[in-house]
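Data first, discussion second: the structure below is written as structure tokens.
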Amino acid sequence: MSEVHSTYPFSVRWLEGRIGLASAPDVVPDFEVATPPQFGGPGGRWTPEHLFVGAATTCWMTTFLAYAERARLEVVAVEAAGEAIVERGEDGRVSIPRLVLRPK
């Protein structure tokens with residue numbers, strides 16, 4: 001049986017409309033999150049879609065840096081852009097079937 005290595009608590013509290021406040025006990029600052037404008041949200045705030053692709057892009061970067069450190073590579077610069085492709089099927093269901101990462 002495996003043992004727990006670490007945990008990452010995250011919470012969100014509704015503020016108004018389709019806006020919430022995201023927080024974690026060991027991270028500052030808290031930040032507003034909302035439904036994207038394409039789904040009736042107010043715009044100008046982080047959305048679940050941003051956080052999803054952001055998690056994948058950040059995971060790629062930090063994993064690359066960990067492997068580079070283990071290999072004793074000198075890293076001069078690292079950048080990565082990511083894009084979540086949202087599609088609506090013929091049945092009306094919305095999904096993110098693809099994430100595109102563009103590392104440099």
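Worth a mention:
- Each helix, a run of at least 4 DSSP H residues, gives -39500 (n - 2.57); summed and divided by the residues of the chain, these come to -8000 deg cm²/dmol at 222 nm.
- Extents of the chain, largest first, come to 49, 37, 35 Å (Cα atoms, principal axes, whole angstrom).
- Once each of the GluC sites (Glu not before Pro) sitting in a DSSP loop with at most 10 other beta-carbon atoms within 10 Å is removed, the chain keeps 4-73 as its longest stretch.
- Of the residues 14, 46, 60, the one with the largest accessible area comes first in the ranking 14, 46, 60, computed with a 1.4 Å probe on protein heavy atoms.
- Each residue, residue 50 and residue 79, gets one label point 7 Å from its Cα in the Cβ direction; the gap between the two is 2.0 nm.
- Coil-residue trypsin sites (Lys or Arg not before Pro) of segment 61-98, DSSP, other Cβ within 10 Å capped at 15: 72, 93
- Simple point charges give the picture: +1 on the Cβ of Lys and Arg, -1 on the Cβ of Asp and Glu, and for the chain a dipole about the Cα centre of about 160 debye.
- Solvent exposure ordering (accessible area, 1.4 Å, most first) of 2, 23, 95: 2, 95, 23
- Each of 8, 67 has its accessible area taken with a 1.4 Å probe; listed largest first, they run 8, 67.
- Accessible area (Å², per residue) of the chain, counting only protein heavy atoms and a probe of 1.4 Å: 82
The values are calculated or read from the model by the stated rules, or taken from the named source; none is laboratory data. For clarity, every value in this text was computed on a predicted model and none was experimentally measured. Ideal geometry is used to build each Cβ from the backbone, glycine not excepted, and the neighbour counts take in all protein chains shown. Accessible surface areas use protein heavy atoms only, side chains included; no ligands, DNA or RNA. Shrake-Rupley method; radii C 1.70, N 1.55, O 1.52, S 1.80 Å.
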